[in-house]
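First comes the structure, then the notes that go with it.
The values are calculated or read from the model by the stated rules, or taken from the named source; none is laboratory data. Computed from a predicted structure; not experimentally measured. FYI the Cβ positions are ideal-geometry reconstructions off the backbone, even for glycines, and counts take in every protein chain you see. Surface accessibility is based on the protein's heavy atoms, side chains included, excluding ligands, DNA and RNA. Shrake-Rupley method; radii C 1.70, N 1.55, O 1.52, S 1.80 Å.
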Amino acid sequence: MSSYEYSLLPLEDDNIRLLHLLPNKDKDAPLQCELRNYSLQKLGPGTHLYEALSYVWGKPDNPLPICVDKIKFSVGANLHAALSRLRDHSFVRIIWVDSICINQRSPVEQGQQVQIMAKIYSNAHRVIVWLGDETEEIKGALEDIRLAADEESTEDSKKKMNKQAILKLLEQQWFQRIWVLQEVAAARHVVMMSSPNLQTIPSVVYLIERAGLRSKHTSNLPERFSLNIRCLVELIDMFHTRKATDVRDKVYALLGMSSDDPGGVGLRPDYEVSWKDLFRKLINFVLGKDVSVEIPDDSDDDSQREPIKSKGYILGQVSSVRSDGRQDVNITFTSKHAAWCLGDEIEWTLRASAKSIQERDIVCHLQGASKPTIIRLYKDYFAIIVIAVTPLKESRSPKQLELSKSIKHFPRDFLLDWDLGQPREESQGREESKNWMSFDQATRTWNVALILGDLEEYEKAEKRLREAIKGYEIAFGEEQSMLKSQYGLTPLSWAAGNGYNDVVNLLLAKDGIDPDLKDNQYSRTPLSWAARIGYEAIIKLLLETSKVEVDSKDNFSRTPLSWAAKTGREAIIKLLHEHVN
């Protein structure tokens with residue numbers, strides 16, 4: 001840890017520190033620097049130009065010393081190499097370098113400086129990208145990228161490009177960092193440097209523009225500066241698999257490019273906020289403030305995979321995916337929603353997301369969300385592929401607002417996994433069925449069966465249903481004959497109809513359970529299933545919730561009371577009469 005003591009930055013006028021890299025004719029001499037305060041609000045004709053460095057911090061192992069204001073200061077080996085290369089033999093070089101210019105021991109200052117990071121890079125005379133020591137492969141790859149971006153280059157010359165060298169270059173750590181998106185998108189002018197060369201690469205700006213990451217205009221309000229490139233949820237869907245040392249930067253690195261203002265829900269850079277709390281705020285912002293989500297308290301603080309529990313509705317299933325070879329992807333899915341072009345093929349053009357959409361992915365609408373979500377089934381949970389679908393073009397489908405208004409009932413329970421790390425391999429998570437499962441696993445498996453039934457995948461739904469029933473039998477030590485074609489039956493209806501008091505008790509104790517939810521097959525409530533057979537104890541449990549309707553009709557116009565009358569259960573008839581409105 002460096003012994004350098006930072007002075008406090010003034011809070012007003014967007015103050016930053018700039019590093020003065022002092023000259024030396026001896027290239028092997030120790031690096032001498034000075035830190036000076038600088039106001040971004042007072043920029044004008046008389047102010048000095050500065051450069052901003054974009055680089056990879058690298059591992060903290062084996063730091064190297066420099067001197068800042070004549071005091072020893074430790075920096076990473078990669079930064080030390082960059083500063084050594086940038087030092088002039090005669091003139092002071094003025095640079096903004098995040099790891100030195102921001103007090104890394106102050107979470108408060110970190111948050112304040114990250115909030116104006118886009119402004120820092122956009123006001124720099126130029127942004128210098130440090131790629132490290134140059135090799136022949138890097139040199140050739142940069143030349144080929146320039147050639148690829150040159151619209152006047154011939155097809156023959158493009159065929160001679162070393163694509164493997166380009167791919168190897170793009171696999172370097174700098175190209176994987178999430179922060180470089182903002183650093184380059186905000187830049188007035190970009191130069192790429194690898195020892196010993198410093199060169200302008202117009203193709204970098206070209207590629208950034210093609211990716212839709214060049215700002216058309218900036219927002220410079222007193223409380224917020226932004227490049228106004230895209231709304232935050234689109235940026236997250238596109239780039240959340242990029243790398244960050246601190247998982248919170250998966251969000252903070254994109255705020256300066258967002259066209260909306262997430263500050264209203266507390267989404268501002270704050271390194272005193274835990275990842276769990278930040279993730280909750282992010283979910284509320286993306287899916288809506290009323291969405292029902294649950295993050296287990298025992299999940300890792302820095303885990304990039306967080307489970308979410310939510311209710312939702314199935315809209316359809318992806319039937320085809322086509323890429324235009326650039327940044328857009330066209331998907332077609334068949335609507336399964338009665339109020340949403342039932343049975344029609346709907347086509348969307350979407351911006352390419354960090355996780356590739358595949359055939360058979362599921363399009364759903366989560367409770368409280370303003371936009372649909374694309375998910376993928378893995379055993380007894382669903383991985384989020386695109387958390388908020390924002391079509392660039394859409395055919396034969398109602399507008400998003402109309403969709404939100406048309407859906408009032410969210411019958412399905414989803415266990416969702418939003419992994420902000422690298423996309424998982426196809427085999428990951430697809431476990432074979434076990435010969436045992438917990439009560440919660442059985443319930444989740446049943447919920448999957450219901451969703452598969454909504455998608456009209458009846459054979460798969462039946463298989464999952466049988467797995468769930470077996471799980472309940474194992475959990476409670478009771479055998480139950482297999483139900484046929486009951487993919488529409490909810491776990492509570494099944495337990496109520498089979499007299500499983502313990503299962504009913506456990507299900508009613510779960511948060512968000514709807515004790516009056518009708519099944520898809522008969523439109524029958526758990527109360528009707530219990531009354532049909534005559535399970536008085538279960539009927540009492542359901543009535544005690546005060547959330548069931550005694551006169552609710554099924555597809556055959558039968559109510560719980562009429563079922564009880566048919567079987568002649570006088571005690572149950574009396575019990576139900578007492579609760580008739």
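Yes or no: Arg466 farther than 20 Å from Gln358 by Cβ, outside any loop (DSSP other than H, G, I, E, B) and at pLDDT below 85? So Arg466 fits the description; yes. Of the residues Lys336, Lys250, Lys281, the single one that is surrounded by fewer than 21 Cβ atoms within 10 Å (Cβ to Cβ), basic (Lys, Arg) and modelled with pLDDT of 85 or more is Lys281.
Filtering region 53-101 to residues that are within 16 Å of Leu21 (Cα to Cα), in a loop (DSSP other than H, G, I, E, B) and among the aliphatic types (A, V, I, L, M) leaves Val92, Val97.
Yes or no, residue by residue, for (1) surrounded by 15 or more Cβ atoms within 10 Å (Cβ to Cβ); (2) under 20 Å from Ile178 (Cα atoms):
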| residue | (1), (2) |
| --- | --- |
| Leu49 | no, no |
| Ala52 | yes, yes |
| Lys59 | no, yes |
| Cys67 | yes, no |
| Leu79 | yes, yes |
| His89 | no, no |
| Ile94 | yes, no |
| Val108 | no, no |
| Gln115 | yes, yes |
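For first residues located in region 510-530 and hydroxyl-bearing (Ser, Thr, Tyr), partners that are open to solvent by less than 20 Å² (accessible area, probe 1.4 Å) and in a helix (DSSP H, G or I) and lie 6+ apart or on another chain with Cβ distances below 8 Å form the pairs Thr525/Ser493; Thr525/Pro560; Ser528/Pro560. Taken over region 5-39, residues that are at pLDDT 90 or above and either polar (S, T, N, Q) or in contact with a strand residue (DSSP E or B) (Cβ under 7 Å, 6 or more places away or on another chain) (or both) amount to 21. Scanning region 307-327 for residues that are more than 15 Å from Ile374 (Cβ to Cβ) and open to solvent by less than 60 Å² (accessible area, probe 1.4 Å), we see that the one that is modelled with the highest pLDDT is Lys311. Residue count for region 554-571 under the criterion of being over 45 Å from the mean Cα position of the chain (by Cα) and assigned to a helix (DSSP H, G or I): the result is 9. Number of residues in region 253-278 that are open to solvent by less than 10 Å² (accessible area, probe 1.4 Å) and either basic (Lys, Arg) or outside any loop (DSSP other than H, G, I, E, B) (or both): the value is 6.
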